[in-house]
Amino acid sequence: MTIETILVLNAGSSSIKFQLFKGEESVLSGQIDGLGASAWIKGKSAEGVTIMDRALSEEEAQNHNTALQVILALLKEFDPNLEVDAIGHRVVHGSSKYSAPVLVTEEVAAELETFNPLAPLHNPHNLAGIAGAKAAFPGKPNVACFDTAFHRTQEFKNEAYAIPTKYYDEGIRRYGMHGQSFHYIAEELHNVAPEVANGKVVVAHLGNGASMCAIENGKSVTTTMGFTPVDGLAMGTRSGLIDPGVIFYLIENKGMSAKEVANLLNKESGMKGLSGISQDMRDLENSDSPDAKRALDYYDNRIKRELGALVAVMGGLDAIVFTGGIGENSSQTRAGVCKGLEFLGVEIDEEANKARAKEAITISKGSSKVKVMAIPTNEEAMIARQTRAICEA
Ligand code: AMP
């Protein structure tokens with residue numbers, strides 16, 4: 001089956017992001033925000049022409065099904081003769097079962113429902129997007145592309161927690177996230193830096209959510225995220241790695257409920273909690289407050305600690321790649337992380353590092369043993385690529 005046009009959907013709790021691909025090329029993108037309340041749709045062509053920019057009616061904003069009908073109308077407005085051949089969906093959790101994308105049959109859809117407890121804030125909405133797409137595009141193939149799939153190459157020693165193995169068998173494992181982004185970067189390295197593409201690479205995906213991955217020969221060796229997206233680095237509002245003893249203490253001595261602790265660690269911590277100012281890197285970089293400076297210093301230091309661990313597990317380092325909103329744009333973060341890593345063979349070119357990564361840039365000196373780059377990620381392109389591969393197989 002030849003697949004020409006692919007719609008990529010990333011359905012969240014109150015939003016649906018969408019992007020339309022013809023071949024490898026993105027021709028249209030947009031999103032609906034505010035589902036369930038006062039929702040709005042925005043969509044523009046790759047050339048920047050606005051196709052739709054309006055509020056949804058109460059009826060249209062009810063749920064993912066009704067919202068997808070609006071996306072359908074937008075697609076018709078963009079191109080009245082448009083035929084969507086397949087729909088690729090971002091699904092956060094594929095449990096330990098899925099190490100690759102899957103065509104969503106009735107049985108698969110039922111099975112995916114059973115993964116909801118593993119990612120309660122994400123998976124149910126991703127599945128609502130699939131159900132909506134089935135109604136909006138009857139008979140067209142839907143492919144689930146998992147954020148966790150890329151990390152299923154991890155060995156037991158990197159995937160397990162040191163608790164009785166019956167919990168591992170039940171699925172309490174370090175699944176890892178941001179797989180679409182890491183996979184995209186691993187493939188993109190063959191185009192932009194083929195000399196390191198099969199080597200030992202640490203990729204730092206630094207966005208609102210953030211994680212790092214040790215990639216050897218294009219495969220995930222290990223990653224900083226674990227069972228849920230709260231693990232690992234300090235993020236916009238998530239704490240990252242924390243001694244579980246702190247959680248026991250908060251519950252037993254501060255009278256907090258499990259739900260309150262979850263809220264604290266997911267929504268009130270990270271850069272927001274450390275700075276007391278903002279979760280947004282730009283606000284912190286523009287602030288003169290010593291609290292902002294201390295939070296930024298903390299952020300870089302956490303990345304550095306994890307980098308050391310990832311390099312040690314791989315037994316070497318050929319390249320570091322920064323990506324995500326912060327990795328692509330914040331020269332200050334990149335410089336802060338790389339400062340002091342000369343002993344690893346990292347030499348940063350300060351001039352080159354000033355640039356934003358609109359496309360792949362090298363920020364290390366020619367003499368640097370370790371190549372350091374910033375590469376824009378493209379999770380949607382990865383999902384479109386995987387969707388095509390599954391449908392054409
Ligand atoms: P993402 O989740 O990948 O969209 O990334 C969002 C993060 O990128 C936010 O913390 C932004 O503050 C950060 N970001 C975007 N642009 C810049 C910039 N020019 N400098 C520093 N941080 C940026």
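The values are calculated or read from the model by the stated rules, or taken from the named source; none is laboratory data. Treat the numbers as computed from the prediction; the structure is a model and nothing was measured. We place every Cβ from the backbone using ideal geometry, glycine too, and count neighbours over all the protein chains shown. All accessible areas refer to the heavy atoms of the entire protein, side chains included, with ligands and DNA or RNA removed. Shrake-Rupley method; radii C 1.70, N 1.55, O 1.52, S 1.80 Å.
Extension gain, Gln332 to Lys304, is 8.7 nm, computed as 0.36 nm per intervening residue step minus the present C-alpha separation. Measuring between their Cα centroids, the range 90-133 and the range 252-315 lie 30 Å from each other. Distance between the pseudo-spin-label points of Lys339 and Lys365 (7 Å out from Cα toward the beta carbon): 1.8 nm. In loop segments of the range 298-388 as defined by DSSP, the trypsin sites (Lys or Arg not before Pro) with at most 16 further C-beta atoms inside 10 Å of their C-beta are Lys339, Lys354, Arg356, Lys358, Lys365, Lys369.
Using a probe of 1.4 Å, the accessible surface attributed to Asp297 totals some 100 Å² when neighbouring protein chains are kept in position. Rolling a 1.4 Å probe across all protein chains gives Ile247 an accessible area of roughly 50 Å². For the chain, the membrane-span-like helices by this rule, meaning whole DSSP H stretches whose C-alpha atoms cover at least 18 Å of axis and whose Kyte-Doolittle mean is -1.0 or above, are 64-78, 123-136, 179-192, 290-314, 379-392; this says nothing about an actual membrane.
Computed 3J(HN,Hα) for the range 226-238, one whole-Hz value per residue from the Karplus formula 6.51 cos²θ - 1.76 cosθ + 1.60 where θ = phi - 60°, is x, 5, 9, x, 8, 7, x, 5, 6, 10, x, 10, 9, glycine and proline marked x.
Between Gln19, Gln62, Gln180, the residue with the greatest mean-square fluctuation in the GNM of the chain (Cα pairs under 10 Å linked by springs) is Gln62.
3J(HN,Hα) along the range 4-20, derived from phi through the Karplus expression 6.51 cos²θ - 1.76 cosθ + 1.60 where θ = phi - 60°, amounts to 9, 10, 10, 9, 9, 10, 10, 8, x, 5, 10, 9, 9, 8, 9, 8, 10 Hz, with x in place of Gly and Pro.
Rolling a 1.4 Å probe over the protein heavy atoms of the range 254-393, with every protein chain left in place, gives an accessible area that is 48 percent carbon and sulfur. Averaged per residue, the chain has 46 square angstrom of accessible surface, using a 1.4 angstrom probe with ligands and nucleic acids left out. Across the range 268-273, computed HN-Hα scalar couplings (Karplus, 6.51 cos²θ - 1.76 cosθ + 1.60, θ = phi - 60°) run 10, 10, x, 4, 4, x Hz from first to last residue, x flagging Gly and Pro. Result for the chain in a Gaussian network model with C-alpha springs under 10 Å: among His122, His178, His190, the largest mean-square fluctuation is at His190. On the range 147-213, 49 percent of the accessible area sits on carbon and sulfur atoms, based on a 1.4 Å probe. As a rough guide to protection, the peptides 98-110, 271-283 ranked by mean Cβ packing within 10 Å, highest first, stand as 271-283, 98-110.
Working note: Cα atoms of the chain, range along each principal axis, descending, whole Å: 58, 54, 45. Once C-alpha pairs closer than 8 Å and six or more residues apart are averaged by separation and normalised to the residue number of the chain, the relative contact order reads 15 percent. Place +1 on the Cβ of every Lys and Arg and -1 on the Cβ of every Asp and Glu in the chain, take the dipole about the Cα centre, and give the residue among Asn126, Tyr249, Ser13 whose Cα lies farthest towards its positive end. Positive-end residue among those listed: Tyr249. The portion of the accessible surface of the range 1-99 made up by carbon and sulfur, rounded to a whole percent, is 46 (1.4 Å probe; DNA, RNA and ligands excluded).
Dipole magnitude for the chain: computed about the Cα centre from +1 point charges on Lys and Arg Cβ and -1 point charges on Asp and Glu Cβ, it is near 700 debye.
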